[in-house]
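Student: Please find one structure pasted underneath; my questions will follow.
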Amino acid sequence: MYLNYLPRAQWKYLQYLLQVRQLQLLRRHVSIGERPPIQTATLLPVRRRLHLINGDLQEKFDEVRDQDSLLTRLKEAKTTDKLLKLLETSDSLQGFHAAEGISLLWQAYQGMDQQEKDAITERVLKEALPILGPHVDHLDVNDLSRCYLYLRKMHIQNCEPTVEAVLTRALYLIESQVHGQVIPLTALSRLSVGINLERDFFTPLVCKNFVPHLEQHISLCHSEEQVRLLSTCLFQLHFLIDEELLLHFKQRLGKLLESGVLSSKTPKALLKVLHMLNIPWWSQHHTQLIRKVMLALRPCIHQMESGDLKSMCRAFLHHQEPAALMEPLKKATEKLLQDESTVDALSCAVPFATPLQRDKNTQLFRELLYSENAWLLPNASGHFFSVLRALKISDLRFCNTYWSGVIRELDSCREEQTHLRFLRHCQRYMNFNNNLGGTYRHLELERKLSRMCMSAVEKDIAGRLPTKFARLAAFVLAYGQTPLAWKKFPNILLSKMLAMAPQFAIQDCFLLSRGMQIACELRFRQHLPSLAAMQLSTMDSILISCAERHLANVEKDPLNASELSMIVRTLSHRKTLKNTMAYNGALLQYKNLHCKDLSSRVVRDMAYNFNASHFFVPELLESMFGYISEQHAHITGDTVEKVLTCSYNLGYTPSSLEVLNHASGVLIR
């Protein structure tokens, strides 16, 4: 049945090969007087036929394609007009011709300005899709995947019937081969990227049949290209990837790094691996492998393209190690800033800059902040925010200009309204203190974001999802800007918190606690109305019950250092929570913590918590000093300083003075 979906030329070619094979068998058996096994030749199993098509015979089909005159003319077409005309007027058009036409249109699309891109999208809708539609059922999975990805990248919507048919057909072929032949990795990679564009689908449901194929590809992984494609798939489908599959892939990566298949000569593959491992979902569990990958990339840092270098910088700043990358990244980012004076490049260079370069960087930041073109770049507001915090700018003019720019971005960009993208601005504003004593406010921005949050809570499906609701509610709790905000919080927030309490995760509780803390320090510092006090007391009870729930199953499901640190910080945001059994119980859990996978980020969080709570566990402090001893070649002076300050404030002296020698060596370096 699967052969019915082959393009006509391939089907005829296969018939011809089978006929030749039958003739050869007939001659051989007739010559020795046996009955010719014609039935045996014609009744090959379906799986065997598919293996032939996707294996040896596929190469022959590719040769036929290369010799195809229409395909040659399509590739030689110098304009999109000629290309579309060829597709419309050709009498011998087949499915793979239409797929190649879509690929060529995408190549042309990439080199155009925005106005030309919009025109091409319109022409693809009106002219190319009607040509592709009749051939969808005859395309193989590779052609289907490239058609789908390129159409989506040209902003053709999923609701278009042809696009829907392409995706449905591709998913059917993948599902039908779950226990059969492995789907090509290129097809899986393209489809996973295309399906995740603009988040139109619930990925775990749509892509559930990808995982069996990925398991087989990981077992067969032996090349740079396979690593690159697998990393793309795992990144896009991380919700579906379990610990066992990821461990298998990490083991393959380790062997390929040791054998030299992956090295500084394969930066593209390693950067894809780094990007995949850095997903917040699991990055804290892969510290050692991330360090190996980053060290493998060190020799080629000075040769990296702009985008790759920026990605490398952000990975280093997230993990705060390995220290060996600081000097090459400093030199590379300085050169990058000379080549392109953009806020993106500045955000990468500032963390590595010396104090003597601060004035120069501040001047460049001011010029970019008041430049309209600088705000047009992708994620400009995010890069401006990184620089604003890294330079510790406390000039109110700059702060006001930045947040006014965010308001313009919210008003002008429709995408900010979709998928709750505005929440990133909420999170940045809540973390914004920049030497202003925690008193800075931009009331217009607060009003706008608060209205957007309340609208989502009341009308959007996000208001019914605990994780989304926690992020929305935290901002409204913190800054108010709602009716009667001077004396109480919105009732709907409290009722939803009560209803969702059994479902709140550790991160959700942390965000809600942070919102309550800001509200008390910013809005109710001088006077706390009785109604607001009653509501805060109820919310305290909710957070305490959640903390007790998270701590209840530690024997069966132990917490890692990051999770425990977040629970402690959640309960330390408010004085009323610090005087509870739950808080003391959370601190006592540090005694049972097994730090098998420490990292600079985990060590810094633990130092902060011990400092803030004046509570410490000698065994854990010793583990933190042990991490300094073992990884002194990789950790930065900033991390060492935080551990030493914590130890000094708590009056703790490490058991071995050798660790202090390592610590001083890091600080001097």
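Student: Report, by residue number, each residue of region 276-288 that is buried (at least 17 other Cβ atoms within 10 Å of the Cβ) and not small (Gly, Ala, Ser).
Tutor: Met276, Leu277, Asn278, Gln284, His285, His286, Thr287
Student: Look through region 550-595, keep the residues that are hydroxyl-bearing (Ser, Thr, Tyr) and not in a loop (DSSP other than H, G, I, E, B), and return whichever of them is most open to solvent (accessible area, probe 1.4 Å).
Tutor: If we take residues in region 550-595 being hydroxyl-bearing (Ser, Thr, Tyr) and not in a loop (DSSP other than H, G, I, E, B), then Thr576 is most open to solvent (accessible area, probe 1.4 Å).
Student: Take Val261 and decide whether it is without any contact (Cβ under 8 Å) to a residue 60 or more places away in the chain and either part of a helix (DSSP H, G or I) or assigned by the TED database to the domain that holds Cys159 (or both).
Tutor: So Val261 fails the test.
Student: Now, a different point. Only residues in region 166-178 that are of a type in the set (Val, Ile, Thr) count as the first member; pair them with residues that are part of a loop (DSSP other than H, G, I, E, B), Cβ under 8 angstrom, at least 6 apart or cross-chain, and list the lot.
Tutor: Qualifying pairs under 8 Å: Val166/Leu139; Ile174/Ile183; Ile174/Asn209; Val178/Asn209.
Student: May I pose another question? Before we move on, is Leu74 at pLDDT below 85 and either more than 39 Å from the chain's Cα centre (by Cα) or not basic (Lys, Arg) (or both)?
Tutor: Spelling it out, it is not the case that Leu74 is at pLDDT below 85 and either more than 39 Å from the chain's Cα centre (by Cα) or not basic (Lys, Arg) (or both).
Student: Within region 494-515, can one find any residue that is in a helix (DSSP H, G or I), free of Cβ contacts under 8 Å to residues at least 24 places away in the same chain and open to solvent by 40 Å² or more (accessible area, probe 1.4 Å)?
Tutor: Yes, because at least one residue in region 494-515 is in a helix (DSSP H, G or I), free of Cβ contacts under 8 Å to residues at least 24 places away in the same chain and open to solvent by 40 Å² or more (accessible area, probe 1.4 Å).
Student: If you don't mind, another one. Based on this model, can you work out whether Lys468 counts as basic (Lys, Arg), open to solvent by 10 Å² or more (accessible area, probe 1.4 Å) and over 25 Å from the mean Cα position of the chain (by Cα)?
Tutor: no
Student: When region 67-85 is examined, which residues are found to be open to solvent by 70 Å² or more (accessible area, probe 1.4 Å) and outside any loop (DSSP other than H, G, I, E, B)?
Tutor: Those that are open to solvent by 70 Å² or more (accessible area, probe 1.4 Å) and outside any loop (DSSP other than H, G, I, E, B): Ser69, Arg73, Lys75, Glu76, Asp81, Lys82, Lys85.
Student: Continuing with this model, one more query. Evaluate the following for Val457: is it in contact with a Gly (Cβ under 6 Å, 6 or more places away or on another chain) and over 17 Å from Leu571 (Cβ atoms)?
Tutor: Yes: the conditions hold for Val457.
Student: Name every residue in region 91-120 that is over 19 Å from Arg190 (Cα atoms) and either surrounded by fewer than 16 Cβ atoms within 10 Å (Cβ to Cβ) or touching a Pro at 6+ places or on another chain (Cβ under 6 Å) (or both), in order of residue number.
Tutor: The answer is Asp91, Ser92, Gln94, Gly111, Met112, Asp113, Gln114, Gln115, Glu116, Asp118, Ala119.
Student: Could I ask something else about it? Assuming Arg152 fulfils every condition listed in (1) in contact with a Lys or Arg (Cβ under 9 Å, 6 or more places away or on another chain); (2) under 23 Å from His213 (Cβ atoms); (3) open to solvent by less than 20 Å² (accessible area, probe 1.4 Å); (4) not aliphatic (A, V, I, L, M) apart from one, which condition is it?
Tutor: Failed condition: (1).
Condition check ((1) more than 24 Å from Leu667 (Cβ to Cβ); (2) touching a helix residue (DSSP H, G or I) at 6+ places or on another chain (Cβ under 6 Å)) across all residues:
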site: Leu297; (1), (2): yes, yes
site: Cys300; (1), (2): yes, yes
site: Met304; (1), (2): yes, no
site: Gly307; (1), (2): yes, no
site: Lys310; (1), (2): yes, yes
site: Arg314; (1), (2): yes, no
site: His318; (1), (2): no, no
site: Pro322; (1), (2): no, yes
site: Met326; (1), (2): no, no
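Student: Go through His425, His419 for me and flag whichever is within 18 Å of Asp460 (Cβ to Cβ) and in contact (Cβ under 8 Å) with a residue 60 or more places away in the chain.
Tutor: Criteria check complete, one pass: His419.
Student: In region 83-99, which residues are among the aliphatic types (A, V, I, L, M), over 11 Å from Leu132 (Cβ atoms) and in contact with a Lys or Arg (Cβ under 9 Å, 6 or more places away or on another chain)?
Tutor: Leu84, Leu86
Student: Being in a helix (DSSP H, G or I), among the hydroxyl-bearing types (Ser, Thr, Tyr) and surrounded by 14 or more Cβ atoms within 10 Å (Cβ to Cβ) is the filter here; which residues of region 216-258 pass it?
Tutor: Selection gives Ser231, Thr232.
Student: Filter the helices (runs of 4 or more DSSP H) completely within region 329-396 down to those with at least 1 residues that are farther than 19 Å from Phe432 by Cβ and either open to solvent by less than 60 Å² (accessible area, probe 1.4 Å) or of a type outside the set (A, V, I, L, M) (or both).
Tutor: It comes to 343-349, 358-369.
Student: Could you list, in sequence order, the residues of region 528-549 that are in a helix (DSSP H, G or I) and either open to solvent by less than 30 Å² (accessible area, probe 1.4 Å) or within 28 Å of Thr287 (Cα to Cα) (or both)?
Tutor: Ala532, Gln535, Leu536, Met539, Asp540, Ile542, Leu543, Cys546, Ala547 - these are the residues of region 528-549 that are in a helix (DSSP H, G or I) and either open to solvent by less than 30 Å² (accessible area, probe 1.4 Å) or within 28 Å of Thr287 (Cα to Cα) (or both).
Student: Considering (1) at pLDDT below 90; (2) in a helix (DSSP H, G or I); (3) not aromatic (Phe, Trp, Tyr), say which one Leu598 fails and leave the rest.
Tutor: All conditions pass for Leu598, except number (2).
Student: Test of understanding: among Phe239, Phe202, Phe249, which residue is modelled with pLDDT of 95 or more and among the aromatic types (Phe, Trp, Tyr)?
Tutor: The unique qualifying residue is Phe249.
The values are calculated or read from the model by the stated rules, or taken from the named source; none is laboratory data. Small disclaimer: the values here were computed from a predicted structure and weren't measured. Note that we place each Cβ from the backbone using ideal geometry, even for glycine, and neighbour counts take in every protein chain shown. Remember, those area values only see protein heavy atoms, side chains included, never the ligands or the DNA or RNA. Shrake-Rupley method; radii C 1.70, N 1.55, O 1.52, S 1.80 Å.
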